[in-house]
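Engineer: Pasting a structure here, questions to come.
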Number of protein chains: 2
Amino acid sequence: MNKGEQTKERIISEATALINQKGFHGMSMADLMSATGLEKGGLYRHFKTKEEIVCAAFAHYVSLVAERLREALEGIESPRERLAASIRSLSAIARDPVVKGGCMVMNLGIESDFTNSTLRDLTRDSIQQWASMIRRETVKAITCGEFDSKTDPESLATLIISSIEGAIMMSNVCGDPIHADRVMAHLEDHLAHLSP
Amino acid sequence: MNKGEQTKERIISEATALINQKGFHGMSMADLMSATGLEKGGLYRHFKTKEEIVCAAFAHYVSLVAERLREALEGIESPRERLAASIRSLSAIARDPVVKGGCMVMNLGIESDFTNSTLRDLTRDSIQQWASMIRRETVKAITCGEFDSKTDPESLATLIISSIEGAIMMSNVCGDPIHADRVMAHLEDHLAHLSP
């Protein structure tokens with residue numbers, strides 16, 4: 001990586017942490033200049049607009065979560081166990097965030113849903129990818145007899161994503177990660193009840 | 001109500017809708033001037049700061065939700081039925097928002113959790129009040145034999161709040177209120193399984 005690429009990576013990394021805590025509107029270019037030690041010209045050499053920065057930051061966040069998830073699922077073959085491990089890994093964001101500030105998918109989704117379709121579509125894609133991973137594992141779990149054939153993959157995806165995201169919000173707002181632990185326990189119990 | 005009070009109410013009502021869609025940082029005073037038809041001086045006659053406006057808007061939002069909830073619970077005596085009715089009423093925010101923009105408790109909570117303790121505390125209080133309503137009804141449901149005595153009121157409160165808030169977020173980001181319907185169905189089914 002040359003020096004220019006290193007600087008660009010550093011901007012993305014600092015922007016991800018700032019946006020995840022302060023929001024897209026809440027992060028000023030002055031915040032980013034101060035975090036990176038760069039002048040405004042140095043930032044604009046790598047990114048034309050603030051929106052371009054947030055898109056790069058979001059892609060960075062998603063790659064970090066995907067990496068954590070890959071590690072959590074490594075070597076697990078049972079679809080039910082893969083779902084359980086993904087629930088544990090993603091609920092843990094409340095206690096051990098990938099980037100300080102909670103879950104960027106929800107944070108940016110909430111900030112953009114009524115105001116910025118580019119950013120909203122990024123978060124929508126990421127939710128849809130998460131949902132399709134859950135549906136895929138659920139269908140496999142039905143096929144291999146781990147889950148009852150009446151299990152609805154769509155509903156399970158909604159339940160897992162909604163309750164984990166909501167629990168991360170509750171944990172951060174209330175200052176207590178126990179909310180994520182409780183939701184994780186409920187979801188694990190629910191998976192156990194999906195046996196035929 | 002005199003003219004000054006009417007103007008103040010109108011500012012609060014417009015600010016609630018703007019903040020719930022654009023966020024506290026995203027709403028500019030120019031937005032509020034344009035929505036109310038008032039000059040900057042007219043706004044500052046009633047509110048000293050933008051933060052004072054958002055506090056009044058949040059209190060207004062909470063009172064509207066409380067009113068909708070009171071109507072939904074009217075005449076229902078069974079604690080389990082009161083919980084079920086509250087779940088239906090609050091999940092319906094995804095399809096029929098109290099104020100356009102989703103749930104202001106989550107929106108403002110997400111925006112303020114790492115940056116503004118005054119606003120975060122307002123949303124925390126409101127989550128805690130909702131949780132204590134759920135715990136109270138759960139304890140009554142155990143006492144009158146509707147729920148098994150092993151039911152944990154704390155966990156049930158976390159599950160209901162997390163999954164409803166998360167489902168409203170998913171519904172708005174994905175542009176499909178079905179996520180709230182699915183979570184509502186799961187929670188109703190879960191309540192049914194809490195019978196002794």
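Laboratory data are not the source of any read-out in this text; all were calculated from the coordinates shown. Quick caveat: nothing in here was measured; it's all calculated off a predicted structure. In this analysis, Cβ positions are derived from the backbone assuming ideal geometry, glycine residues included, and neighbour counts consider all displayed protein chains.
Engineer: Given the -39500 (n - 2.57) contribution per DSSP H run of 4+ residues, what per-residue ellipticity at 222 nm results for chain A, rounded to the nearest 500 deg cm²/dmol? List each step's numbers first, then the result.
Structural biologist: On the way: 9 runs with 145 residues, N = 196.
The per-residue figure over chain A is -24500 deg cm²/dmol.
Engineer: Using the 7 Å Cα-to-Cβ label point, sort the distances from A:D31 to its equivalents in the other copies shortest first and give them in nm to one decimal.
Structural biologist: Spacings between copies for this position, smallest first, are 1.6 nm.
Engineer: Kindly put A:I19, B:I134 in sequence by how many other C-beta atoms sit within 10 Å of each C-beta, fewest to most.
Structural biologist: B:I134, A:I19
Engineer: Order by neighbour count: B:H25, B:H193, fewest other Cβ atoms within 10 Å first, most last.
Structural biologist: On the way: B:H25 20, B:H193 10.
Fewest-to-most Cβ neighbours within 10 Å comes out as B:H193, B:H25.
Engineer: Find the all-direction average of the projected area of the Cα convex hull for chain B, expressing the result in square nanometres with one decimal place.
Structural biologist: For chain B, the mean projected area of the Cα convex hull comes to 12.1 nm².
Engineer: May I ask for the percentage of alpha-carbon pairs in the stretch A:89-168 that lie more than 23 Å from each other?
Structural biologist: Working: 934 of 3160 pairs.
When every Cα pair of the stretch A:89-168 is considered, 30 percent fall beyond 23 Å.
Engineer: Over 29 Å between Cα atoms, which of A:K3/A:K40; A:K40/B:K48; A:K48/B:K22 qualify?
Structural biologist: On the way: A:K3/A:K40 18 Å; A:K40/B:K48 33 Å; A:K48/B:K22 23 Å.
Check vs 29 Å cut-off fails for A:K40/B:K48.
Engineer: Using the Karplus curve 6.51 cos²θ - 1.76 cosθ + 1.60 with θ = phi - 60°, what ³J(HN,Hα) values do you get for each residue of the stretch B:8-17, in whole Hz, with x for Gly and Pro?
Structural biologist: 4, 4, 5, 4, 4, 5, 5, 5, 4, 5
Engineer: Among A:I53, B:I110, what is the fewest-to-most ranking by other Cβ atoms within 10 Å? If you can, show how the numbers build up before the last one.
Structural biologist: Numbers: A:I53 25, B:I110 29.
Neighbour counts put them in this order, fewest first: A:I53, B:I110.
Engineer: How far apart, in nm, are two points set 7 Å out from the Cα along the Cα-to-Cβ line at B:E51 and at A:C144?
Structural biologist: 5.4
Engineer: Ok, one more. Label the protein assembly as shown by shape, choosing from rounded, prolate and oblate, from the square roots a ≥ b ≥ c of the eigenvalues of the Cα gyration tensor; if a/c is under 1.5 it is rounded, and otherwise prolate applies when a/b is larger than b/c, oblate when it is not.
Structural biologist: Because a/c hits 1.5 or more and a/b fails to exceed b/c, the protein assembly as shown counts as oblate.
Engineer: Picking from A:E154, A:E14, A:E74, which is most flexible by a Gaussian network model of chain A using Cα springs under 10 Å?
Structural biologist: A:E74
Engineer: While we're here: Taking A:K50 as the anchor, which aspartates and glutamates have their alpha carbon closer than 20 Å to its alpha carbon, excluding any fewer than eight residues away along the same chain?
Structural biologist: Reachable aspartates and glutamates: A:E5, A:E9, A:E14, A:D31, A:E39, A:E111, A:D113, A:D121, B:E111.
Engineer: If you don't mind, another one. Treating the beta-carbon of each Lys and Arg as +1 and of each Asp and Glu as -1, no other charges, what is the dipole magnitude of the stretch A:55-192 about its Cα centre, to the nearest 20 debye? Could you put the intermediate results ahead of the total?
Structural biologist: On the way: 14 positive and 20 negative charges, 28 e Å.
Using only the charged Cβ atoms, the result is roughly 140 debye.
Engineer: Mind pulling the angle between the C-alpha long axis of helix B:178-192 and the longest principal axis of chain B? Nearest 10 degrees, somewhere in 0 to 90.
Structural biologist: Approximately 40 degrees, to the nearest 10.
Engineer: Each residue of the stretch B:129-134 in order: what ³J(HN,Hα) in whole Hz does its phi give by Karplus 6.51 cos²θ - 1.76 cosθ + 1.60, θ = phi - 60°, with x for Gly and Pro?
Structural biologist: 5, 4, 4, 6, 4, 5
Engineer: Where a Cα-Cα gap under 30 Å defines reach, which lysines qualify for A:K150, not counting those fewer than 8 residues away within the same chain?
Structural biologist: Partners found: A:K140, B:K150.
Engineer: Report, in whole Å, the centroid distance computed from the Cα atoms of the stretch A:1-54 and the stretch A:68-137.
Structural biologist: About 24 Å separates the Cα centre of the stretch A:1-54 from the one of the stretch A:68-137.
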